[in-house]
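Colleague: Got a structure for you, written out below as structure tokens; questions coming shortly.
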Amino acid sequence: MDVILPAENGGRAGYRLVGVPVEPSVGASFSRIAYAAAHVVADPIAMTDPWSRSAIDWEKTMAFRHHLWRLGFRIAEAMDTSQRGMGFDWESAKDLIRRSIAEARSVPGADLASGAGTDHLAPASARTIDDVIRAYEDQFAFIEGEGGKAIMMASRALAAVARGPDDYIKVYDRILGQAAGKVILHWLGDMFDPALRGYWGSESFEAALDTVVAIIERHAGKVEGIKISLLDADKEVALRDRLPEGVVMFTGDDFNYPELIAGDGKGHSHALLGIFDAIAPAANAALAKLAAGDRAGYDALMAPTVPLSRTIFEAPTAYYKAGVVFMAWLNGHQNHFTMVGGMQSARGICHYAEVFRLADQAGLLADPELATARMKTLCAVAGV
């Protein structure tokens, strides 16, 4: 099967598909906790003001969650992958969380955790640390009131008003001290969100590491684990090696996840990854191999997904959501390539062409004929 794709030099290049679609191992058990951070499906017909007001296709959005549950994943709901703070506001997130928690109750074994942040408090409107605490309390109260588990997301407002590590300690001590259940923390790097630069009160990784470890040690009974998204395997391992017993590491490293999940002999990471939304069939099959003790089989399935993930998450990294939704469209999980806030325009046609090629080579085009037809349509819109 052939398709003409754009080339970086402005020309055109033929591409012949070579991939064989990966067959997931439905019903398999994993030896790692695996959360997939899931995207939302926009409703392009209802979206009359796409830059200002999101409109969601709830049926397709929930159907995608059933797809992830069927493949054995837990869901990290209303996170960065769902465009929190980038077109998807807290009011919309509340609706999503409420629906997903209710939907999970209808699926035996389904599990999810939901993002609790401060995004209803504009960073410019935050004046004090107490403003940030109240904002976190509002979102925790909603999630826990729905019977859900919270992921404590990094806060732009906290980064804006904090004057040093003590302010972070005050906020996290308060929220963790009063949380109803165990909480997953999230350390999101500024490559994902420039507003989070200097999080934990320091530009120094070593100083920030000391602060977050001290917080976790004081609240080890309330912290299920921490997701770290710095795209640096050495930094993740440095934190992983210092976690108290019973607190787990969730890799958020969309560049180096295979080796971090597999482990290094001293320990391993579990997963809470946006890329699992896009590579779910391959990740499922690989994790099943790892659980069966087949490291070579795990590596063979995971290795081809890494170039794809690194392309989807290339700088500006915050726009990775476009590649994730593009993959969902190619694979028939939605019938359009329209995103909340019009974010599909955040990447160019050459980027999408490369994602298409790498997805094929990783066996992640479930129906190559459908994916090729859709790629040709997108190329035609771009004048290719």
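The values are calculated or read from the model by the stated rules, or taken from the named source; none is laboratory data. Everything quoted here is computed from the prediction, not taken from an experiment. Because the Cβ atoms are built from the backbone with ideal geometry, glycine has one as well, and the counts that use them run over all protein chains shown. Surface accessibility is based on the protein's heavy atoms, side chains included, excluding ligands, DNA and RNA. Shrake-Rupley method; radii C 1.70, N 1.55, O 1.52, S 1.80 Å.
Colleague: Which one is least open to solvent (accessible area, probe 1.4 Å), of the residues in the range 205-226 that are small (Gly, Ala, Ser) and not in a helix (DSSP H, G or I)?
Modeller: Within the range 205-226, the match that is least open to solvent (accessible area, probe 1.4 Å) is 225.
Colleague: Starting from the range 320-332, keep only residues that are in contact (Cβ under 8 Å) with a residue 60 or more places away in the chain and buried (at least 24 other Cβ atoms within 10 Å of the Cβ), then list their pairs with residues that are part of a helix (DSSP H, G or I) and among the aromatic types (Phe, Trp, Tyr) whose Cβ atoms are within a distance under 7 Å, requiring at least 6 positions of separation or different chains.
Modeller: From residues that are in contact (Cβ under 8 Å) with a residue 60 or more places away in the chain and buried (at least 24 other Cβ atoms within 10 Å of the Cβ), there are no pairs.
Colleague: Does the range 216-231 contain at least one residue that is of a type in the set (A, V, I, L, M), in contact with a helix residue (DSSP H, G or I) (Cβ under 6 Å, 6 or more places away or on another chain) and closer than 29 Å to residue 121 by Cα?
Modeller: Yes, the range 216-231 contains a residue that is of a type in the set (A, V, I, L, M), in contact with a helix residue (DSSP H, G or I) (Cβ under 6 Å, 6 or more places away or on another chain) and closer than 29 Å to residue 121 by Cα.
Colleague: Which residues, taken from the range 183-194, are buried (at least 18 other Cβ atoms within 10 Å of the Cβ) and either touching a helix residue (DSSP H, G or I) at 6+ places or on another chain (Cβ under 8 Å) or in a helix (DSSP H, G or I) (or both)? Give the steps one after another, and end with the answer.
Modeller: Narrowing the range 183-194 to residues buried (at least 18 other Cβ atoms within 10 Å of the Cβ): 183-189, 192-193.
Across the range 183-194, the qualifying residues are 183, 185, 187, 188, 189, 192, 193.
Colleague: Looking only at the range 103-121, count how many residues are part of a strand (DSSP E or B) and farther than 16 Å from residue 187 by Cβ.
Modeller: Residues in the range 103-121 being part of a strand (DSSP E or B) and farther than 16 Å from residue 187 by Cβ: 2 in total.
Colleague: Here's a check for you: in the range 43-69, which residue that is more than 30 Å from residue 1 (Cα to Cα) and not in a loop (DSSP other than H, G, I, E, B) is most open to solvent (accessible area, probe 1.4 Å)?
Modeller: Across the range 43-69, the extreme among qualifying residues is 59.
Colleague: May I pose another question? Across the range 342-384, which residue is least open to solvent (accessible area, probe 1.4 Å) among those that are under 22 Å from the mean Cα position of the chain (by Cα) and free of Cβ contacts under 8 Å to residues at least 40 places away in the same chain?
Modeller: Within the range 342-384, the match that is least open to solvent (accessible area, probe 1.4 Å) is 352.
Colleague: Then there's this: Here are some conditions: (1) within 20 Å of the chain's Cα centre (by Cα); (2) without any contact (Cβ under 8 Å) to a residue 40 or more places away in the chain; (3) open to solvent by 50 Å² or more (accessible area, probe 1.4 Å). Residue 124 meets all but one. Which one does it not meet?
Modeller: Against the list (1) within 20 Å of the chain's Cα centre (by Cα); (2) without any contact (Cβ under 8 Å) to a residue 40 or more places away in the chain; (3) open to solvent by 50 Å² or more (accessible area, probe 1.4 Å), residue 124 comes up short only on (1).
Colleague: Another question, then. Do any helices (runs of 4 or more DSSP H) lying entirely in the range 285-384 carry at least 3 residues that are among the aromatic types (Phe, Trp, Tyr), and which ones are they?
Modeller: 320-330
Colleague: Same structure again: Please find, among 76, 93, the residue that is closer than 29 Å to residue 346 by Cα, open to solvent by less than 50 Å² (accessible area, probe 1.4 Å) and assigned to a strand (DSSP E or B).
Modeller: 76 is the lone residue from the list that is closer than 29 Å to residue 346 by Cα, open to solvent by less than 50 Å² (accessible area, probe 1.4 Å) and assigned to a strand (DSSP E or B).
Colleague: Ok, one more. For the range 127-139, enumerate the residues that are crowded, with 20+ Cβ neighbours inside 10 Å and either free of Cβ contacts under 8 Å to residues at least 40 places away in the same chain or assigned to a strand (DSSP E or B) (or both).
Modeller: Selection gives 132, 135, 136.
Colleague: Another question about this same structure. Looking at the range 8-20, can you tell me whether even one residue there is among the acidic types (Asp, Glu), in contact (Cβ under 8 Å) with a residue 40 or more places away in the chain and open to solvent by less than 70 Å² (accessible area, probe 1.4 Å)?
Modeller: no
Colleague: Still on this structure, I have one more. When you go through 84, 98 one by one, which is the residue that is open to solvent by 30 Å² or more (accessible area, probe 1.4 Å), under 20 Å from the mean Cα position of the chain (by Cα) and within 25 Å of residue 252 (Cα to Cα)?
Modeller: On inspection, the qualifying residue turns out to be 98.
Colleague: Would you be able to tell me the number of residues in the range 146-170 that are in a helix (DSSP H, G or I) and either at pLDDT below 95 or more than 24 Å from the chain's Cα centre (by Cα) (or both)?
Modeller: Initially, the range 146-170 is screened for residues in a helix (DSSP H, G or I), giving 156-161, 165-170.
Filter again for either at pLDDT below 95 or more than 24 Å from the chain's Cα centre (by Cα) (or both), leaving 161, 165-167, 169-170.
Result for the range 146-170: 6.
Colleague: Then there is this: With the requirement that a residue be crowded, with 21+ Cβ neighbours inside 10 Å and among the charged types (D, E, K, R), what does the range 248-303 give you?
Modeller: Hits for the range 248-303 are 253, 254, 277.
Colleague: Oh, and also: Could you list all residues from the range 24-45 that are hydrophobic (A, V, I, L, M, F, W, C) and in contact with a helix residue (DSSP H, G or I) (Cβ under 8 Å, 6 or more places away or on another chain)?
Modeller: 26, 28, 30, 34, 36, 37, 38, 40, 41, 42
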